[in-house]
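**Student:** Encoded as structure tokens, here's the structure I'll be asking about.
The values are calculated or read from the model by the stated rules, or taken from the named source; none is laboratory data. A quick note: this is a predicted structure, and the numbers were derived from the prediction, not measured. No Cβ is skipped: glycine too gets one built from the backbone with ideal geometry, and neighbour counts run over all protein chains shown.
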Amino acid sequence: MNEYIQLMIDWVEEHLNKEFSLDELANYMGYSPYYCSFKFHQVTGISIRRYVLLRRLYLSTADLSSNQKVIEIAFEYGYSSQEAYSRAFKKVFGVTPREFQLNKLPVQSFVKLTVDQSEDGDSVYMSRKNEVEQLQNVKRELFDKDVLNVLNGQVMYEEFKAEKLMGDSDYVPFNEAMCVHATTPQVFDDEFIQTRALGHHVSVENYIRKVIYPFNTIFKEEYKYIVLWFGEDMFCQMNLLTILTYFEQSGYKGKVLLNSFREDEFKVSQTELQLGDYESVYKEVLINHRKPSIELLPVMYQAIDIFLDMLKENNEVVKYISKNKDLSTAELVNRLFDLFPTIGYGDSQYIELINKAK
């Protein structure tokens, strides 16, 4: 079945720059349109229509970055007008194509699906080293002692620190999963620590040791720059939102740079962030579970949409698990990793969902 679905994906990819119907795809595959649509959604967790929409919009960001005219891009990807393309683009990314073009904002990647793909850890590591070396050539000041790198997770932190990838600067990990469990308005205060420890089913002491203790550097030192290394998936972006909220609450006055990247290939997009509105977004999203009204980076805007969708009892992940209950937990987790990369969940979050659904 996976080979069959991969053939469908390959055919769709070859036709993204032209109009096509489900009937044409079905004729190519030799099955009915209904069967193709049903099986595609069953295996990938996304409809063909949605897949085509997201792939076309994501591919169009490369054309926007090369300063191609918006109207030309709209027609290239099958839109009847610039207005129709702009509406679709803003609905997904939270900004218009023109705003994206002018500001070169980071967005969540939506790459071609590959069923049963494997990841080469060595190549990802080399990609990280290469990206950091390129960054050093243009941002030499980020490798000095008055710079702090906040890295999402212990593994990335240990790699950066052991290899001194950012030179003489300091490193701290943020070992949290803010996309699950309750939180509180004031980041890192006693109520926050107790609430998060309870949600993770660990003692307050263990939570402090894992999450708070590494941040002693931030609490004690003043830095000219803070560089945030966070992936573009929802898991990382909710962690990022929490860290930015803490910076606002603590009155940090230095520069904040976001190095956003895709986990699988580590292509870094660097953006300077302006503090000021993140605390209100944090409260609106992570506490009140509502979509904020202010403009955000597209990558965070998309992540918030995913976060709010995942709060629904019958979200796409739960639907996929329910349709594939016959699979082992290990197989389901592997498939969920492959099919829902923009969520960014780890094993524990997916296993919890699987146990509930089964």
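**Student:** Going through the stretch 9-24 one residue at a time, which ones are part of a helix (DSSP H, G or I), in contact with a helix residue (DSSP H, G or I) (Cβ under 6 Å, 6 or more places away or on another chain) and surrounded by 13 or more Cβ atoms within 10 Å (Cβ to Cβ)?
**Tutor:** Restricting attention to the stretch 9-24, the residues satisfying the condition of being part of a helix (DSSP H, G or I) are 9-14, 22-24.
Of the ones still in play, those that are also in contact with a helix residue (DSSP H, G or I) (Cβ under 6 Å, 6 or more places away or on another chain) are 11, 22-23.
Scanning the stretch 9-24 gives 11, 22.
**Student:** Using the structure shown, decide if residue 336 is of a type outside the set (Lys, Arg), part of a helix (DSSP H, G or I), more than 29 Å from residue 250 (Cβ to Cβ) and not assigned by TED's automatic domain parsing to the domain that holds residue 58.
**Tutor:** Working: of a type outside the set (Lys, Arg): yes; part of a helix (DSSP H, G or I): yes; more than 29 Å from residue 250 (Cβ to Cβ): yes; not assigned by TED's automatic domain parsing to the domain that holds residue 58: yes.
Criteria met by residue 336.
**Student:** If residue 319 meets every condition in (1) at pLDDT below 90; (2) within 13 Å of residue 357 (Cβ to Cβ) apart from one, which number is that one?
**Tutor:** Checking residue 319 against (1) at pLDDT below 90; (2) within 13 Å of residue 357 (Cβ to Cβ), the one that fails is (1).
**Student:** Across the stretch 150-206, which residue is surrounded by the fewest Cβ atoms within 10 Å (Cβ to Cβ) among those that are touching a His at 6+ places or on another chain (Cβ under 9 Å) and over 21 Å from residue 351 (Cα atoms)?
**Tutor:** The residue in question is 206.
**Student:** Do any residues in the stretch 47-62 that are touching a residue at least 40 places away in the same chain (Cβ under 8 Å) and under 21 Å from residue 267 (Cβ atoms) have Cβ atoms under 6 Å from those of residues that are among the small types (Gly, Ala, Ser) and surrounded by fewer than 20 Cβ atoms within 10 Å (Cβ to Cβ), where the two are at least six apart or on different chains, and which pairs are they?
**Tutor:** none
**Student:** Now for a different question. Cβ-Cβ below 7 Å, separation at least six or inter-chain, first residue in the stretch 6-20 and closer than 17 Å to residue 44 by Cβ, second assigned to a helix (DSSP H, G or I) and among the hydroxyl-bearing types (Ser, Thr, Tyr): which pairs?
**Tutor:** 11/28; 12/51
**Student:** Condition first: acidic (Asp, Glu), outside the structural domain of residue 182 (by TED's automatic domain parsing) and either crowded, with 21+ Cβ neighbours inside 10 Å or at pLDDT 95 or above (or both). Can you find one or more residues in the stretch 285-308 that meet it? Please lay out each step first, then the result.
**Tutor:** First, the residues of the stretch 285-308 that are acidic (Asp, Glu): 295, 305.
If we keep only those that are outside the structural domain of residue 182 (by TED's automatic domain parsing) too, we end up with 305.
Those still in the list that are either crowded, with 21+ Cβ neighbours inside 10 Å or at pLDDT 95 or above (or both) too: 305.
Within the stretch 285-308 (the criterion being acidic (Asp, Glu), outside the structural domain of residue 182 (by TED's automatic domain parsing) and either crowded, with 21+ Cβ neighbours inside 10 Å or at pLDDT 95 or above (or both)), the answer is yes, since at least one residue qualifies.
**Student:** For the subset of the stretch 207-240 comprising residues that are acidic (Asp, Glu) and surrounded by fewer than 23 Cβ atoms within 10 Å (Cβ to Cβ), which member is modelled with the lowest pLDDT? Before you say what the answer is, go through the steps one by one.
**Tutor:** The first filter runs over the stretch 207-240 and keeps only residues acidic (Asp, Glu), leaving 221-222, 232-233.
The next check asks that each one be surrounded by fewer than 23 Cβ atoms within 10 Å (Cβ to Cβ); those that pass are 221-222.
On the way: 221: 75, 222: 82.
Top of the filtered list is 221.
**Student:** Can you confirm whether residue 272 is part of a helix (DSSP H, G or I), of a type outside the set (Gly, Ala, Ser), without any contact (Cβ under 8 Å) to a residue 40 or more places away in the chain and assigned by TED's automatic domain parsing to the domain that holds residue 180? Lay out the reasoning, then the answer.
**Tutor:** Numbers: part of a helix (DSSP H, G or I): no; of a type outside the set (Gly, Ala, Ser): yes; without any contact (Cβ under 8 Å) to a residue 40 or more places away in the chain: yes; assigned by TED's automatic domain parsing to the domain that holds residue 180: yes.
It is false that residue 272 is part of a helix (DSSP H, G or I), of a type outside the set (Gly, Ala, Ser), without any contact (Cβ under 8 Å) to a residue 40 or more places away in the chain and assigned by TED's automatic domain parsing to the domain that holds residue 180.
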